[in-house]
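In what follows, a structure is listed as structure tokens, so that the remarks can point back to it.
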Amino acid sequence: MSTTTTAAATGNDKLPELATDKHVAYIQALGKTQDLAYHLTSHLRLNAVYWGLTALCTMGRKEALDREELIDFIMSCWDDEAGAFGAYPKHDAHILSTLSAIQILVMHDALDRLDNPRVTSFLLSLQNPKTGA
């Protein structure tokens, strides 16, 4: 059973204001300190960048992360051998990282940087020809 209290349940129709600047500052600071946790979570990096950017877009602050820096990072995750994106530079390509990379490129109107034929080949190579799964 949920213990979350909503404004409607308490009769209080005024919710506290979101501290947007603090959330933005937190997202901007992620990855700046390369401590042990940073290195142990490199396999999550590209997906984390997507979720951070999504949060910024939701708050109307997409510009809080430098567009070109972000795209450069995305492209540094490209696995040229596989034709798709890994979670971090020099990681093997994976479908989830590739999805996150494509989503970020779409959000920044940068799909022209994507090698569509190679990504399509990568995705099709993951499909089981017998079952279609």
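No lab work stands behind these numbers, since they all come straight from the coordinates. Because the structure is a prediction, the values reported are computed rather than measured. Cβ placement follows ideal geometry from the backbone for every residue including glycine, while neighbour counts extend to all protein chains displayed.
Per-structure values
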item: For segment 40-83, the fraction of alpha-carbon pairs in successive 10 Å shells from zero, as %; result: 25, 49, 23, 3
item: Total formal charge among the other residues, if their Cβ is under 14 angstrom from that of residue 32, Lys/Arg +1 and Asp/Glu -1; result: -2
item: Calculated P(r) of segment 4-133 - Cα pairs past 19 Å, %; result: 58 percent
item: Centroid-to-centroid separation of segment 92-106 and segment 41-88 [C-alpha atoms, Å]; result: 8 Å
item: Relative contact order computed over the chain (Cα-Cα under 8 Å; 6+ residues apart), in percent; result: 18 percent
item: With at most 11 other Cβ atoms within 10 Å, longest stretch of the chain clear of loop GluC sites (Glu not before Pro) (DSSP); result: 18-80
item: Segment 58-97, relative contact order in percent, only Cα pairs under 8 angstrom and at least six apart counted; result: 25 percent
item: In Hz, Karplus ³J(HN,Hα) per residue of segment 103-109 (6.51, -1.76, 1.60; θ = phi - 60°; x = Gly, Pro); result: 4, 5, 4, 5, 4, 10, 6
item: Scattering profile of segment 67-115 at q = 0.30, 0.32 Å⁻¹ [log10 I(q)/I(0), Debye over alpha-carbon scatterers]; result: -1.19, -1.30
item: FRET efficiency, 1/(1 + (r/R0)^6) with R0 25 Å, evaluated for residue 133 and residue 32 via beta carbons; result: 0.05
item: Calculated [θ] (222 nm, deg cm²/dmol) that DSSP helices of n ≥ 4 give over the chain, each run adding -39,500 (n - 2.57); result: -14500 deg cm²/dmol
item: For residue 84, distant residues with modelled amide H under 5 Å away; result: 79
item: Calculated FRET value between residue 96 and residue 54, using beta carbons and R₀ = 22 Å, to 0.05; result: 0.90
